[in-house]
1. So for Tyr730, Tyr33, Tyr53, what's the accessible-area order with a 1.4 Å probe, most first?
2. Arranged from highest to lowest average of other beta-carbon atoms within 10 Å per residue, in what order do the peptides 517-529, 681-693, 292-304 appear?
3. Work out how far the C-alpha atoms of the chain reach from end to end along every principal axis, then list the three figures in whole Å, largest first.
4. Can you tell me the relative contact order of the chain? Whole percent, Cα pairs under 8 Å, sequence separation 6 or more.
5. Using a/c under 1.5 as the rounded threshold, could you call the stretch 320-442 rounded, prolate or oblate? The axes a ≥ b ≥ c are square roots of the C-alpha gyration tensor eigenvalues, and prolate needs a/b larger than b/c, oblate otherwise.
6. Enter the Cα centre distance for the pair the stretch 419-465 and the stretch 361-417, rounded to the nearest angstrom.
7. Could you give me the ³J(HN,Hα) list for the stretch 278-295, computed from phi with Karplus coefficients 6.51, -1.76, 1.60 and θ = phi - 60°, whole Hz, x at Gly and Pro?
8. So for the stretch 367-429, what are the equivalent ellipsoid semi-axes in whole Å, largest first, each being the square root of 5 times an eigenvalue of the Cα gyration tensor?
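The values are calculated or read from the model by the stated rules, or taken from the named source; none is laboratory data. Computed from a prediction, not measured in an experiment: that's the story for all the values here. Here the Cβ positions follow ideal geometry from the backbone for every residue, glycine too, while neighbour counts run over all protein chains shown. Accessible surface areas use protein heavy atoms only, side chains included; no ligands, DNA or RNA. Shrake-Rupley method; radii C 1.70, N 1.55, O 1.52, S 1.80 Å.
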Amino acid sequence: CERLKTLVFQDLLCKAACKAIINAILMDPTKLYCDMVDVSLLRGRWARSDSKYENWENYVLWYGMTEHEAREETIEPQIHIITATSKDEMTLVHQLPWRAGLQVEYTVNMDGKYYPIPQALLKTAGMSGLANNRAEWMHKFDEKGLMCEQHLPVKGKPHILRYWRSLVNANEIMINVRFYEVDASGQETEVIHTIRYFQRIPFKERWTAAAAQFFSGMDVAENLRTCVSWMRKAKDGGANLVVLPENSNRDRQYFVDGKPSKEKAHEMSEELDGSFVKGLCKACAELGIWLAVGVDLRGPSPTTAYIAQLLIRPDGEIEGVNKKHVLWDYEYTLFEPGDDPYQVFDTELGRLGLLICADGIVPEAARVLSLMGAQVLLNSLNSRGPDEMRVHIPLRALENGVWHVASNSVGNPNNAGLLWPWTGGSQICDPHGKRSVASEQHDDMVMGDVRPFEAELKKGSWTQDIFAQRRPELYSLLTKPIDAVPCAQMYGPAPEVLPFSGPASVKVAMLQLSWTHTRLCTEWMTKRQVSYAARRGAIIGVLPELWCFARGEVEKDPKAAADYSSSVLQLMLDAARENSMHLCFTLVEQETESSSRLFHTAYLVDPGGVAMKYRKAHLGVSERAWATAGPELSAVCPMAELGHIAMLVGDEVWIPEVSRCLALAGAEIVLHPADWLTAEAGEMAATERASENRFHLVSVTRLDCPGKLGSQTTLAGEYIGGEPIPLMRYPQGVWARHNVEEQIIVDLQRRQAHCKMMGDHLDVLKKRFPSLYGVCVEQSNSLFTWRNTTQVCPSDYKDEYAAVRGDFGQRRKYTVMPFAKEKASDAK
């Protein structure tokens with residue numbers, strides 16, 4: 001009690017909390033816990049301690065766990081976010097991020113009756129849940145606390161599990177777990193017990209992130225000092241978390257006799273209990289700051305090393321390790337790619353996802369993490385490519401509606417070998433694309449506010465809800481085995497003889513025009529454009545989406561637009577026949593004369609009629625008022641005179657799964673009638689779709705597009721070796737001017753789309769992990785996102801007290817279970 005008075009005097013505990021704890025100390029066995037303690041104190045965010053527990057080692061061993069299982073059960077994160085409490089019921093969000101990012105909200109009744117355990121918990125259950133064949137539990141307050149009871153068969157005998165939740169103080173909850181064996185007469189005998197602790201660590205609804213950039217040389221000790229120096233600067237600037245570059249531990253001089261050596265990479269890489277990582281952990285604890293940092297780590301064999309990213313907590317403990325999945329070109333000669341499932345980390349800073357450099361070159365890693373509920377992506381890079389800060393970093397934020405904090409190496413002190421500098425440009429990007437960007441030339445640090453729960457809005461410039469616009473049932477190709485998709489024939493460098501028949505090149509005309517003056521005038525201009533393109537040798541002409549309508553005309557009277565579209569379709573069929581051309585465009589299509597359903601439909605017509613038709617499957621904001629979504633993605637059609645052709649309509653360019661599926665289906669050329677709503681749609685999204693899939697993308701926009709950007713054709717590009725680094729990575733483009741009626745003809749080389757290489761070793765389609773992409777084909781309403789889980793915001797419930805990580809408990813090792821067999825001094 002004297003200690004509690006001191007805490008009150010120091011303003012660390014309010015008087016109400018003190019009174020509740022004293023009541024608990026002076027427990028009256030004749031009263032229920034809820035009558036002696038203010039149960040509202042239970043509200044808040046509680047994280048299970050992975051270092052403070054009693055008799056846990058004996059408990060897990062009694063349960064029959066292996067050492068590996070026991071270690072994982074010990075350090076597995078578990079968070080209870082209790083949002084409402086009373087004497088009658090309690091509502092909480094239960095987070096188990098290691099179990100595919102599980103978070104589920106449920107309410108328990110304190111009436112002593114048995115109720116079903118939430119199915120989401122049972123599907124991913126650990127020890128007790130797997131044994132609970134009744135799949136039921138009971139809750140009630142008794143004199144000890146809030147008690148939960150389950151009937152479990154263990155080792156072939158009936159048992160009862162009971163555990164009591166009670167406050168140790170305002171910042172700590174004790175879970176007192178007792179197992180009882182039940183004999184034939186119903187007599188109970190306690191067989192094992194343990195105690196686990198949860199610490200109150202409230203959400204930070206707004207916090208400061210920092211991304212520091214520098215170049216790490218060969219001196220590991222000096223590099224550690226550099227890292228700590230930037231961490232200190234970040235902390236002095238008010239940062240809660242700082243991101244540092246990939247391989248912050250050292251420059252990668254892993255060569256023997258001028259050749260890359262996996263043995264050398266292993267030898268010179270770090271270990272989790274080595275001096276470099278320990279030094280970072282110590283600095284985190286001293287400064288009280290979160291750290292995401294890239295470190296090359298030793299693997300289990302003398303020829304194995306991984307490119308890794310560590311997430312270290314403010315108490316100096318390692319929260320997680322992420323191994324880079326997609327390596328950048330030369331890295332395949334030194335490192336093994338990671339193949340662990342993607343993971344999100346539930347923290348007081350929100351749900352964090354780890355990303356390492358080339359993982360962001362392809363769309364899947366950031367998408368999977370975002371679908372798993374990541375609100376903030378933390379990216380450690382070591383890149384010489386300008387495409388990172390221009391495209392990959394901001395686009396992964398925009399297309400997923402998340403925050404992105406990225407740190408890249410900068411500069412190049414070397415005077416021999418590759419002299420291209422690392423390009424810096426570290427940045428903090430919000431879900432809407434607003435960025436704070438560091439220098440591209442020198443050591444620097446950028447800082448900015450992060451409001452993680454804004455990532456739950458999922459609102460883009462092209463849609464009110466990024467996730468709701470998706471059609472997961474159409475993306476099954478993403479999860480097919482690498483060699484089981486049509487584009488498997490296109491992996492690697494382009495062969496001398498292409499696997500698909502077609503011409504060597506295809507001349508495509510970007511016919512940039514849209515409604516002008518009157519319908520008659522627009523039709524007349526269109527026919528002249530087509531004729532002119534034919535005389536210039538084009539065999540395909542692409543027009544903007546709904547080019548024949550004035551802006552807003554379709555929304556005003558969709559049925560009239562469909563009627564007019566019928567006559568325009570005939571006009572375009574005539575033009576294709578008269579000029580011996582293929583024409584791609586979109587119109588409003590009425591399903592049948594007797595049906596009122598309308599579609600936004602893309603056509604590819606040729607002299608023989610309609611060669612292809614695609615009803616847009618993903619509707620934008622304005623289309624939802626009048627159009628029906630199409631039932632499937634565009635087909636990829638083999639056409640002898642064109643090659644393998646597919647279509648994409650308007651804002652579908654923002655949805656990475658659409659283009660990815662077209663690429664996996666073998667598309668060589670994707671025709672894209674467009675209407676840029678923002679400049680980023682063309683400069684980032686369209687550019688990225690061609691880059692990450694290595695197909696030609698012909699995007700033709702309206703003259704009056706709000707994005708004030710002209711049409712563009714982004715080339716697939718063919719890697720031939722020896723290119724400047726930016727040209728290996730950044731696709732070339734051909735552009736038209738904004739708001740100018742003009743016609744640009746591009747000669748597309750088909751073989752470029754048959755080279756999926758972005759260097760000597762990186763194949764951007766083959767180096768995928770389809771078995772890890774299952775979340776991409778799950779319906780949006782089944783995802784473990786915060787907004788799918790609960791309607792409660794952190795500001796909606798009281799969470800006034802705050803603990804600092806590390807206030808309680810012993811230290812623990814990340815990779816080793818602290819079993820009782822360890823030295824008593826270590827345990828102490």
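1. In descending accessible area the options line up as Tyr730, Tyr53, Tyr33.
2. Descending mean neighbour count gives 681-693, 292-304, 517-529.
3. The principal-axis extents, from largest down, are 95, 73, 53 Å.
4. 12 percent
5. Numbers: a/c = 2.14, a/b = 1.33, b/c = 1.61.
Taking the square roots of the gyration eigenvalues as a ≥ b ≥ c, the stretch 320-442 is oblate.
6. Each part reduced to its Cα centre gives a spacing of 9 Å.
7. After applying 6.51 cos²θ - 1.76 cosθ + 1.60, I find 4, x, 5, 4, 4, 5, 4, 5, 5, 8, x, 9, 6, 9, 10, 9, x, 9 Hz.
8. 27, 10, 9
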